[in-house]
Amino acid sequence: MAAAPVAAPRHPACFLALDFGTGRVGVAVGNSLLRSAQALTTVQAQGEARFAAIARLIAEWRPDALVVGVPFHPDGAAHDNTRRARAFGRQLHGRFRLPVHEVDERYSTTEALAQRAADVDAAAAAIILDQFLRSLPTDHPDEARDDDAAA
């Protein structure tokens with residue numbers, strides 16, 4: 001399933017990314033201006049305690065939107081964790097009233113492990129967010145000037 005194109009924010013936007021897991025949620029932060037992500041932490045809590053920890057991170061970083069990694073099988077087929085990650089995204093949207101963007105996160109944990117990250121879950125969230133930030137369209141002032149000159 002291909003993700004819908006994301007419109008570029010009109011102002012620099014802050015994003016929190018979450019690498020959902022049933023036991024842990026990796027968290028990263030990044031913005032549309034620098035287009036880079038930084039691993040933050042891993043939330044190791046369940047139920048309401050998990051959402052309370054995420055609420056504290058949202059209060060601290062004040063993101064414009066959230067990005068949730070959604071896992072798929074290598075062939076692109078969905079599985080149980082695909083459904084769980086999507087449900088988690090819907091819960092985040094319902095609780096925090098922020099836009100939630102889904103990113104195909106196949107191999108993010110494998111990449112974080114290959115990088116020998118100290119906090120694999122947070123590093124996987126940063127990889128997910130980097131992928132999302134790279135997908136944002138860019139505004140090229142030179143292209144706008146060329147269009148204006150042709151008019």
Among the residues of the stretch 12-39, how many are modelled with pLDDT of 95 or more, surrounded by fewer than 24 Cβ atoms within 10 Å (Cβ to Cβ) and either of a type in the set (D, E, K, R) or touching a His at 6+ places or on another chain (Cβ under 6 Å) (or both)? 1
Looking at the stretch 8-53 only, could you name the residues that are closer than 22 Å to residue 81 by Cβ, among the β-branched types (Val, Ile, Thr), in contact (Cβ under 8 Å) with a residue 40 or more places away in the chain and touching a strand residue (DSSP E or B) at 6+ places or on another chain (Cβ under 7 Å)? 25, 27, 41, 42
Of all residues in the stretch 59-97, which are of a type in the set (A, V, I, L, M) and surrounded by 16 or more Cβ atoms within 10 Å (Cβ to Cβ)? 65, 66, 67, 68, 70, 85, 92
Do we find a residue being under 12 Å from the mean Cα position of the chain (by Cα), at pLDDT 95 or above, within 18 Å of residue 135 (Cα to Cα) and polar (S, T, N, Q) anywhere in the stretch 97-109? no
Here is a list of conditions, (1) assigned to a helix (DSSP H, G or I); (2) modelled with pLDDT under 95; (3) more than 12 Å from the chain's Cα centre (by Cα); (4) charged (D, E, K, R), and residue 134 meets all of them except one; can you say which number that is? (3)
Every residue in the stretch 42-54 that is closer than 16 Å to residue 92 by Cβ and either surrounded by 13 or more Cβ atoms within 10 Å (Cβ to Cβ) or among the polar types (S, T, N, Q) (or both), please. 43, 45, 46, 50, 51, 53, 54
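The values are calculated or read from the model by the stated rules, or taken from the named source; none is laboratory data. If you're wondering where the values come from, they're calculated on a predicted model, not measured in any experiment. In this analysis, Cβ positions are derived from the backbone assuming ideal geometry, glycine residues included, and neighbour counts consider all displayed protein chains.
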